[in-house]
Structures are given as C-alpha cells and as structure tokens.
1. Along Cα→Cβ, 7 Å out, is where each label goes; now give me the distance between the ones at Thr312 and Thr4 in nm to one decimal.
2. What does the charge dipole of the chain about its Cα centre add up to, to the nearest 20 debye, if the Cβ of each Lys and Arg holds +1 and the Cβ of each Asp and Glu holds -1?
3. With r defined as the distance between the Cβ atoms of Val392 and Val286 and R0 fixed at 30 Å, what FRET efficiency is calculated, to the nearest 0.05?
4. Sorted from largest to smallest, which semi-axis lengths in Å does the alpha carbon gyration tensor of the chain give for its equivalent ellipsoid, taking the root of 5 times each eigenvalue?
5. Between Ala385 and Leu324, what length in nm is gained on full extension when 0.36 nm per residue of separation is reduced by their alpha carbon distance?
6. What full-extension length gain, to one decimal in nm, is calculated for Thr258 and Thr172 as 0.36 nm per residue of separation minus the Cα-Cα distance?
7. Among all helices in the chain defined by DSSP H, which have a length of 27 Å or more along the axis from Cα atoms plus a Kyte-Doolittle mean of at least 1.0?
8. Could you check the simple spin-label distance between Ala293 and Ser372, using points 7 Å along Cα→Cβ, in nm with one decimal?
Amino acid sequence: MTWTETLRTGWSAIRTHVMRSTLTVLGILIGIAAVILTVGLGLGTQKDVSDQISALGSNLLIVRPGSSTDSSGMRGGFGTGTTLTRADAEALASDVNAPDVAGVAAEKSSGASVEAGDTNWTTQVVGTTTSWLDVRGREVASGEFFTAADEESGAAVVVLGPETATELFGTTRVVGQTVTVDGTDLQVVGVLAAAGASGDSDLDDVAVVPMSTAADTLFGGTDRNAVSTIYLQAESSDALGAAYQEAQQTLLALHGITDADSADFTINSQDALVSTATAVYRTLTVLLTGIAALSLLVGGIGVMNIMLVSVTERTREIGLRKALGAPPWAIRRQFLVEAGVLGLGGGVLGAVLGIVGARVLPGLLDTSVVVSGAAVAGSIVVALAIGLVFGVYPATRAARLAPIDALRAE
C-alpha cells in the first residue's frame, strides 16, 4: 500500500466516526491554543514592561526616599518620606562627586486639580528642572519647555502632557492658554510628545512646572526643599554600575550614614527593574505552560483511547488484510498515520484558535500578546508528535494481531 493509499484510508476511517474524532481532536486543540496564548501573553507582558521602563529614559538610575529590604535582599523605596532634597540632586550633578552621571533631574510631584474654564481634570503635577526633558528622554510636540530663567524666577508657566491637554482643551490650540492649579494661574508654554504609560503611571497625563514654582507656590509647606524622586542618567549603559556606586556614596556622605544597609534612600536601575519583572513573568509563563501541557497530555491519552477502540472495531479488517499478505509494518503504519492525522488536525486548529485569541485578548485584558512564528510551528510539530507517540501502542497492538484470531472475531 502506497503512502497516498494509506492517507486516503486513514482519512476515511476518521470521517466514519466524525463525532468521536472531533472530541479526540478537541483535547489537543485546546492544549495547543493554550500553549500559544500562554507563551504570547508572557512575551507580550515582557515587551510591555520593557517598553514602560524604557519610556522612563535611557541609562537611568532612579533614587527615591526611604528604603526597605525584602527576604530576597532586594531594596525597595517607600517613596513617602522627605529624606531626599534639592541639595542632594545638586550634589549628584557635580562632576567631582559623580563623574559617571551625565544628567540629573529631581522631581517634586503631587496629584492636583487643573482647571481650564469650566473643565476640571485631576493629574500629576511635577515640579522639576530644565534637565528633566533630556534625562527622561521626553520631547516637546508644540511650544517649548520652560527655561532656566523661568526656573530661577519661579515663573507661572506649565508644560502639559498630551492627554492632559486633550482633556482640558480638546482640539483647541493649547499653547498660550491659561490653566489654574490649586488656585494659581499658569500659562501653558508647551505640550509634551506622547510617551505612553509606565507601570501604574500615565506619562502623557502630567503637568510639568519649574521646581521653584512647585516648591514655593503650588505645594509649599514645611518641606519646600524635599523632592520625591531624583533621576540620574549615566554616561552610558556600561557606566551604570559606576554611577550607582558614586550616587550611593555621595548620598550616604551627605546624609551622615556609614552603613549602606541603613540608607534612607533607594537606588534602582532600569536593568534591575526589567530583570525583576522578567523573572516574575517567566515563572508565571512556566506555570501556565505546565497547565497547558497537562491539557496536551489529556489530548494524547484521548488519541490513544480512540485508536484502541478503532483497533478493536476493525479487528476483522486487520485479519483480512493480513490474510491477503499485508505485512505487520503496513498495518502499524496505517494506524500511526490515523493517529498522526488526529494530532496534526488538532495542532493546526489549535494554532488557528491561538492566533485568533491573540487578536482578541489585548482588547479584553489591556495587554499585548506576541505570537511567535516559532511557537506556532513548534506547537503544531508537538501536536503531530503527540498523535504519533500515543498512537504507537494501538498501532503495535494492531500489527501483532494473528490473522486467524482476527478473522474469528465478531
């Protein structure tokens, strides 16, 4: 019997029991779709995290007030204290203290209500310096950023994020308009280019003002010199380690702390954030892939069961073929082909379902799903392999049937 005849016979046997074959394929289909979506969610989430962290800027170190150490030894900032000051930022900007730091931008931020006419919008108001634009890797889409003179004089000016500008003014030209922040009128001098989201914060929903304006006019209080975050831009990615050490030593000295474990600040790097997030999502992906693999195992067992039933039902057919001279390998090949077709069918349909799901899920979960061509191809190959592996025992059992016993079967 040729391969063409074997395939034709196998397809005919599968079509004879459509419902049974469909249920058998269903287990593999669900498993393959789950694997593709799980891997896609893992890759997509990793991409989202990387994009969000990259949106903060390049070669960044992020210094926040307060510190904590978890069970793994990783330090994390509370970000609620007032242990960082504008003087700290100025010291870090010194080439003497931190020669591997290319730029420093301190932030003093707080949520506030911004009004434009009858429109009211709550956003994050950030007081900072002129270096913020370069250090954070942001650009101005229209108008201009505030100047050093504005910062020096505490000018009543503001640069809006694109989302904030749209919420307040719609499609109206924004530059030159006036907004009110907690009772203080500010002139809009520019609108930032879109940057997207970073973690829980929307980088496009922000109002940026000179540090002096934020400290002396908007926020005031007893902590006028306190800052919420200091962003450090290293000279290059290779200089991140040196910049970290320089920043740590400078701040420890300024704060009169001799033991780094007692530091009242926390320094995080982009690499550390990416590595931590990647490790978490990699673990989650492995767990979900394991669950999907169990589904594939159940599908494989289903293929074996259906093939054993098929061997029992076709015992006389097997005996007749053997009596007419069919060798055992031909019988074995026949049933292996049928098992392979079931596995391959489930793999292809599962891949289609996975690809469709990858297009639908982002809209439901607000996350990216990256479908890898290698994952799709690999999943189909795995499905075919499952069909063949779980079809070996039934095929071998059929090949070993004695012709005379098979012909006597009812």
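A short reminder: the numbers here are calculations on the coordinates, not readings from a lab. The structure displayed is predicted, hence computed values, not measured ones. We place every Cβ from the backbone using ideal geometry, glycine too, and count neighbours over all the protein chains shown.
1. 3.6
2. Approximately 4180 debye in magnitude.
3. The formula returns an efficiency of 0.60 here.
4. For the chain, the ellipsoid semi-axes come out as 67, 24, 15 Å.
5. Roughly 18.9 nm would be gained on extension.
6. In short, 25.5 nm is gained.
7. Sorted by number, the helices that extend far enough and score high enough are 18-54, 270-313, 328-365, 373-399.
8. 1.5
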